[in-house]
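Below: the structure, in structure tokens.
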Amino acid sequence: MTSPLVVSVPTEGLARDLQPLPENVEVVVWPMTGPAPCDRIDIVVPPYQNLNAALGQLAGVEVGLVQSQSIGYEGIAALLPAGVPLANAAGVHETSTAELAVGLAIASLRRLDQFARDTATATWNPVFGTSLADRRVLVLGWGGVGKAIGARLIPFEVDLTAVASRARDEDGVAVHGVDELADLLPRTEVLILALPGGHSTRHIIDAAALALLPDGALVVNVGRGPLIDTDALVAETASRRLRAALDVTDPEPLPADHPLWRSPGVLIAPHVGGASSAMRPRLVRVLRDQITRAARGAAPINIVVAG
Ligand SMILES: O=CC(=O)O
């Protein structure tokens, strides 16, 4: 009998949820807070949080594939041992992140954040809100998360514009190229950012881009904090010209004394787009697929660093 395919997962719960597995697959629990339980692991699933620190534990272990639980992977290639490929969690977080993006937009437009504060003080304070219906919404980033946001926005009767790195026709959607952004921002009432992080997207929304948005526009960010020049966003929200609803900030965690916390019209979630009950079943589906492929010698999916 050939040696088993060894898969490490960070928690007992995940190991349980993966059952039943194909024959000759062995799952070991390794939270990656200490040394590996064996010398060779075919698929390593690191913990969802503190991935960067966990990757340090891979030194000296023979690893076939690291299967991250996140979609984003900026900066991770440099932390992987040479030759080890990385798969991201495409297919796991899009649903949950898109749901939060739409939720943040509605919460801000309909002043749900204000109502939460009023609830805490038993204050009856009607506000005539702005509907999501009829807004001109621009989704910047037309990958898995951006497309999931777009699909959820359609039933809200918005005027939707999709923008990605290059113009294209995708599934009947006319996607604009990012080079058209400056022309599109002046008509955008809700800007939703769903781009990956990294050098090429850093400060894609800088002071000049924010200045192109019309008065009262809302900026929603579920991508990465550094997509926006934070100082510029603080200036635009402090003056009450723009509003913002953010699941990601720069820096993270946002320090308690950061002016963004106190800017009017700013709603902040602590980077929880993917952190919901939707994650586990989708993660299990992707892991089972990855394991089944490895067990029959097929190429892995979702490879983002070739190794
Ligand atoms: O931020 C979350 C992710 O990258 O999955």
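The values are calculated or read from the model by the stated rules, or taken from the named source; none is laboratory data. Predicted model only: the values in this text are computed from it and were never measured. Cβ coordinates were reconstructed from backbone atoms using ideal geometry, including for glycine residues, and neighbour counts include every protein chain displayed.
Does region 176-185 contain any residue that is assigned by TED's automatic domain parsing to the domain that holds ALA101, closer than 24 Å to GLY129 by Cβ and surrounded by 15 or more Cβ atoms within 10 Å (Cβ to Cβ)? Within region 176-185, one or more residues are assigned by TED's automatic domain parsing to the domain that holds ALA101, closer than 24 Å to GLY129 by Cβ and surrounded by 15 or more Cβ atoms within 10 Å (Cβ to Cβ). Within region 166-179, the presence of a residue that is in contact with a helix residue (DSSP H, G or I) (Cβ under 6 Å, 6 or more places away or on another chain) and over 17 Å from LEU109 (Cβ atoms) is excluded. Just wondering, is there one or more residues in region 183-199 that are in contact with a Lys or Arg (Cβ under 9 Å, 6 or more places away or on another chain), in a strand (DSSP E or B) and within 26 Å of ASN302 (Cβ to Cβ)? Yes, because at least one residue in region 183-199 is in contact with a Lys or Arg (Cβ under 9 Å, 6 or more places away or on another chain), in a strand (DSSP E or B) and within 26 Å of ASN302 (Cβ to Cβ). The single condition from (1) more than 16 Å from the ligand (Cβ to nearest atom); (2) free of Cβ contacts under 8 Å to residues at least 60 places away in the same chain; (3) out of contact with any strand residue (DSSP E or B) (no Cβ under 8 Å at 6 or more places or on another chain) that ALA306 fails is (2).
Among all positions in region 205-224, there is no residue which is touching a Phe, Trp or Tyr at 6+ places or on another chain (Cβ under 8 Å), within 15 Å of the ligand (Cβ to nearest atom) and among the β-branched types (Val, Ile, Thr).
Of the strands (runs of 3 or more DSSP E) entirely within region 14-101, those holding at least 2 residues that are surrounded by fewer than 16 Cβ atoms within 10 Å (Cβ to Cβ) and more than 16 Å from the ligand (Cβ to nearest atom) occupy 25-29.
Scanning region 127-158 for residues that are surrounded by 15 or more Cβ atoms within 10 Å (Cβ to Cβ) and more than 23 Å from the chain's Cα centre (by Cα) returns THR130, ARG135. Being within 16 Å of the ligand (Cβ to nearest atom), out of contact with any Leu (no Cβ under 9 Å at 6 or more places or on another chain) and either closer than 24 Å to ALA269 by Cβ or assigned by TED's automatic domain parsing to the domain that holds HIS203 (or both) is a condition met by at least one residue of region 132-144.
Scanning region 256-269 for any residue that is closer than 22 Å to ASN50 by Cβ, within 16 Å of the ligand (Cβ to nearest atom) and among the small types (Gly, Ala, Ser) turns up at least one such residue. For region 102-132, the candidate set comprises residues that are in contact with a strand residue (DSSP E or B) (Cβ under 9 Å, 6 or more places away or on another chain) and part of a loop (DSSP other than H, G, I, E, B); within that set, the residue that is farthest from GLY143 (Cα to Cα) is THR130.
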